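Here's the structure we're looking at; comments come further down.
The values are calculated or read from the model by the stated rules, or taken from the named source; none is laboratory data. These numbers were taken from a predicted model, which means no experiment stands behind them. As a convention, Cβ positions derive from the backbone with ideal geometry for all residues, glycine included, and neighbour counts pool all protein chains shown. Surface areas here come from the heavy atoms of the whole protein model, side chains and all, with no ligands, DNA or RNA. Shrake-Rupley method; radii C 1.70, N 1.55, O 1.52, S 1.80 Å.
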Amino acid sequence: MARNITSATAPRKVIYVTGYGRSGSTLLDIALGSHPRIFGAGELTALARHVWENGEYCACGAQVQNCEFWQQVVASWAGGSADQKQALRGIAVRQRRLEGLVSWRRMAGKRFVPWLGGHLEQLGRLLDGIAEQFGVEDPIIVDSSKLPGRGFVLAATPGIQLYVVHLVRDARGVAWSLSKPHIRSIEQGVQRDLHPKPAAYVALRWSVVNLAAELLRARVGKGQSMRICYEDFVADPAAALQDIAEMCGAEWNEAADTAARSPLNPAHQVAGSRHRTSRDLQIRADEEWRSQMPENKSRLVTVLAAPLLRRYGYPLGIKSEEQSAKVLQAEA
């Protein structure tokens, strides 16, 4: 077992990636993990909810239950319980009650919910276990669970210095991505069947979740939060990663910059998109929706998500970049 060389009194630094799904959080998690001081853990909320229970796979290629890294982490997290699955089921129940967009239990606080304090202590043990296995000085842990409610739980956990990265993607790109079903395929990194979601549902929930993420940013403060657009990240990954690392006090040197610009090799991320199982992963923009998304669906999402699309700087027009270029050429 790696030695934890972080001072017990030092706050544990955590980068929490929040926002809506299919916005590039897994790519961002993996890319941040290329920094020698940052560990990309993946969607930590899923570890107890379904990853351990269902025998899903770690990015290293092994089932999480058989991955030496996560075996040691879960043993510590479960408090030495002989039945780790049962212990994690109990943790999952508390997560569901606390991590929703609206949770009266979380809002009530420890005074009214006695086991809330114990849950926060348990969450601290999880992060300590990850840091111990990672084994570097003053580590920074990335949790890309995205749920704003989980971010509020982390913000309330003693001993954590939380940094929030609000990752936003054009709602139309998100809706198009979520409209496509995926059949469970371990080889392709799809851990369970994924069913398509209606465009109107995605547009409305995209708005609600991103508003909640804004509240989370306000909770931790400007100095410990930032918003990054997916489109900016994939256009210039190194610049986005440098901004995040510097916010957390991590030195951004030539080695980190080179790693960010090179093909990425995921380490021990749990849950997240199928990119986790790829090797020599390249960060590329996925703008397929601009040419393939039906116009009626694109317009529907645009109308429903218009206020936040404007807020985040997205044009309300739905022409593809290629079509826009032709229009400009014609006008010239």
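Data overview
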| quantity | calculated |
| --- | --- |
| Å² of accessible area per residue within the chain, as computed with a 1.4 Å probe and no ligands counted | 46 Å² |
| Theoretical gain in end-to-end length, GLN86 to SER103 [0.36 nm per residue, Cα-Cα removed] | 3.8 nm |
| Inter-site label distance for ASP280 and GLU137 at 7 Å from Cα along Cβ, in nm | 3.5 nm |
| Extension gain (nm, one decimal) between MET247 and ASN66, 0.36 nm per residue minus Cα-Cα | 61.7 nm |
| For the chain: relative contact order, % (alpha-carbon pairs under 8 angstrom, 6 or more apart) | 28 percent |
| Over the chain: helical MRE at 222 nm, DSSP H runs n ≥ 4 each giving -39500 (n - 2.57), nearest 500 | -14000 deg cm²/dmol |
| Relative packing of peptides 244-252, 282-290, 34-42 - highest average C-beta neighbours within 10 Å first | 34-42, 244-252, 282-290 |
| The stretch 242-281, relative contact order [Cα under 8 Å, separation at least 6], % | 31 percent |
| Shape call, the stretch 1-158: gyration tensor on alpha carbons, a/c limit 1.5 | rounded |
| Calculated FRET efficiency for the pair ALA10/ASP257, C-beta based, R₀ 25 Å, to 0.05 | 0.40 |
| Residue with peak Gaussian network fluctuation, the chain [Cα springs, cutoff 10 Å], from ASP143, ASP232, ASP280 | ASP280 |
| Share of carbon and sulfur in the accessible heavy-atom surface of the chain [1.4 Å probe, %] | 50 percent |
| For the stretch 42-138: relative contact order, % (alpha-carbon pairs under 8 angstrom, 6 or more apart) | 26 percent |
| Cα gyration tensor shape of the chain, rounded if a/c is under 1.5, else prolate or oblate by comparing a/b with b/c | prolate |
| Restraint check, LYS146/LYS197; LYS197/LYS222; LYS85/LYS180, Cα-Cα greater than 30 Å | LYS197/LYS222; LYS85/LYS180 |
